[in-house]
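Shown next, in structure tokens, is the structure this report addresses.
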Amino acid sequence: QVQVVESGGGLVQAGGSLGLSCTASDSTTVSFVMAWFRQAPGKEREFVAATSWNGGSTYYADSVKGRFTISRVNSKNTDYLRMNSLKPEDTAVYYCAAKLNPVLTTDRVYAHWGQGTQVTVSA
């Protein structure tokens, strides 16, 4: 059984920065694709960023490209999402998700999810 645990988030003013971290753990040594999605009130969940199983490739939504950076600890299913130049429209619940290869940006193909963490950006 895979457990996905997120930490971080909180309240920040527009233009500020926050960091999120996530660990996916199970009893095997398999390396997961790690991704972040977010869901704002009244909106569908959307892709934010993802990293390949070894951290060699990263993927971003156009809305966060240049502002957010995803990275992972080598050989561990732990990733970090650094969010800079935050905007009020970044306000959402952020979810970490994990799956086996390949990297995909569609949420329905991710089998393992964290509980979500709130990010609020005030104007």
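Just check the range 73-123 against the gyration tensor rule for me: Cα atoms, a ≥ b ≥ c as the square roots of the eigenvalues, rounded for a/c under 1.5, and otherwise prolate or oblate depending on whether a/b exceeds b/c.
Here the range 73-123 falls in the prolate category.
Could you work out the relative contact order of the chain, using alpha carbon pairs under 8 angstrom and six or more residues apart, expressed as a whole percent?
35 percent.
Can you pull the percent of the range 1-116's accessible area that's carbon plus sulfur, 1.4 Å probe, other chains left in place?
48
Ranked by accessible surface with a 1.4 Å probe, highest first, in what order do ASP62, ASP26, ASP79 come?
ASP62, ASP26, ASP79
Using only alpha carbon pairs under 8 Å that are at least six residues apart, calculate the relative contact order of the range 1-63 and give it in whole percent.
Rounded, it is 23 percent for the range 1-63.
In terms of Cα to Cα distance under 21 Å, which lysines are near enough to LYS87, apart from those fewer than 8 places away along the same chain?
Correct list for LYS87: LYS43, LYS65.
Just to be sure I understand the model, the point goes 7 Å from the Cα along the line to the Cβ. What's the resulting ALA123 to GLN13 distance in nm?
1.6
Looking only at the chain, where both bridge partners belong to it, what percent of the DSSP beta bridges are antiparallel (to the nearest 5)?
Here the share of antiparallel DSSP bridges comes out near 90 percent.
The values are calculated or read from the model by the stated rules, or taken from the named source; none is laboratory data. Please read these numbers as outputs of a predicted model, since none were measured by experiment. Cβ atoms come from the backbone with ideal geometry, glycine included; neighbour counts cover every protein chain shown. All accessible areas refer to the heavy atoms of the entire protein, side chains included, with ligands and DNA or RNA removed. Shrake-Rupley method; radii C 1.70, N 1.55, O 1.52, S 1.80 Å.
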